[in-house]
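K.L.:
Can you keep this structure in mind? I'll have questions shortly.
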């Protein structure tokens, strides 16, 4: 437990450096504490995907890539020992951040070109109620790279670490069309 706290504190100080070297943005730059996502525009490079609402995501389509602000979430939920309670808390924070994501796209200068949102994660449970669809990456090399880069986060968040648990988790894309995001989360004034 002490090792995790030390690593988390080091990460907390390294995260702003990482952030400054990426093209990530906060959803609410003037209110950085709001929302659990940091985002950037990206061109999709995977295989064609037909989403359940009929939207086709093709190579080079413009998507908003979402990144969970993991270090903040881990700090906020470090006091919770029960994995189920921790998962519910993270789910609520993500759910509460979805309207901010819709607002970000709605106010973005590239709004008309953005086809949807995409994230990659080892966590592949609990995404359906949020409106996401799960898609497996095509490239084995990319999957291996993503799994390798996300294992440290996984090890810091779970209480029971085992090789079997690590082996059963595989990177997945979580995708949602802009239309579904707006329909489900856009706030009306």
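K.L.:
For a quick protection proxy, order the peptides 5-11, 174-180, 127-133, 106-112 by their average other-Cβ count within 10 Å, most packed first.
P.N.:
The peptides rank, most packed first, as 174-180, 127-133, 5-11, 106-112.
K.L.:
Tell me, in nm to one decimal, what length is gained between residue 112 and residue 151 on full extension, where the rule is 0.36 nm per residue of separation less the Cα-Cα distance?
P.N.:
Working it through step by step, the gained length comes to 10.5 nm.
K.L.:
Can you pull the three principal axis extents for the Cα set of region 1-50, in Å, largest first?
P.N.:
Sorted from largest, the Cα extents of region 1-50 read 45, 29, 20 Å.
K.L.:
Using Cα springs under 10 Å in a Gaussian network model of the chain, which residue among 62, 14, 51 shows the largest mean-square fluctuation?
P.N.:
14
K.L.:
For every helix of n ≥ 4 consecutive DSSP H residues, a contribution of -39,500 (n - 2.57) applies; sum these over the chain, divide by its total residues, and give [θ] at 222 nm rounded to the nearest 500 deg cm²/dmol.
P.N.:
Mean residue ellipticity, 222 nm, calculated: -14000 deg cm²/dmol.
K.L.:
Considering the chain as a Gaussian network with a 10 Å cut-off on Cα pairs, which listed residue, 42, 148, 22, attains the greatest mean-square fluctuation?
P.N.:
Checking each option, the largest mean-square fluctuation is seen for 22.
K.L.:
Could you tell me how many degrees, from 0 to 90 and to the nearest 10, lie between the Cα long axis of helix 140-157 and the main elongation axis, the longest principal axis, of the Cα atoms of the chain?
P.N.:
Result, in degrees: 50.
K.L.:
Oh, and also: Report the residue, chosen from 145, 104, 91, that carries the largest GNM mean-square fluctuation when the chain is represented by alpha-carbon nodes joined by springs under 10 Å.
P.N.:
Maximum among the listed residues: 145.
K.L.:
For a test of the definition: using alpha carbon positions, the gyration tensor, and the 1.5 limit on a/c, classify region 13-88 as rounded, prolate or oblate.
P.N.:
It is oblate, given that a/c is not under 1.5 and a/b is not larger than b/c.
K.L.:
Give the relative contact order (percent, whole number) for region 32-189; include only Cα pairs under 8 Å separated by 6+ residues.
P.N.:
In percent, rounded to a whole number, it is 28.
K.L.:
Can you figure out the FRET efficiency of residue 144 with residue 25, using R₀ = 30 Å and their beta-carbon distance, to the nearest 0.05?
P.N.:
0.60
K.L.:
Moving on to the next point. Which values of log₁₀ I(q)/I(0), to two decimal places, follow from the Debye formula for region 1-158 at q = 0.09 Å⁻¹ with a uniform point scatterer at every Cα?
P.N.:
Debye curve over Cα of region 1-158, log10 I(q)/I(0) at q = 0.09 Å⁻¹: -0.32.
No value in this document is a laboratory result; all are computed from the given coordinates. For clarity, every value in this text was computed on a predicted model and none was experimentally measured. Cβ atoms come from the backbone with ideal geometry, glycine included; neighbour counts cover every protein chain shown.
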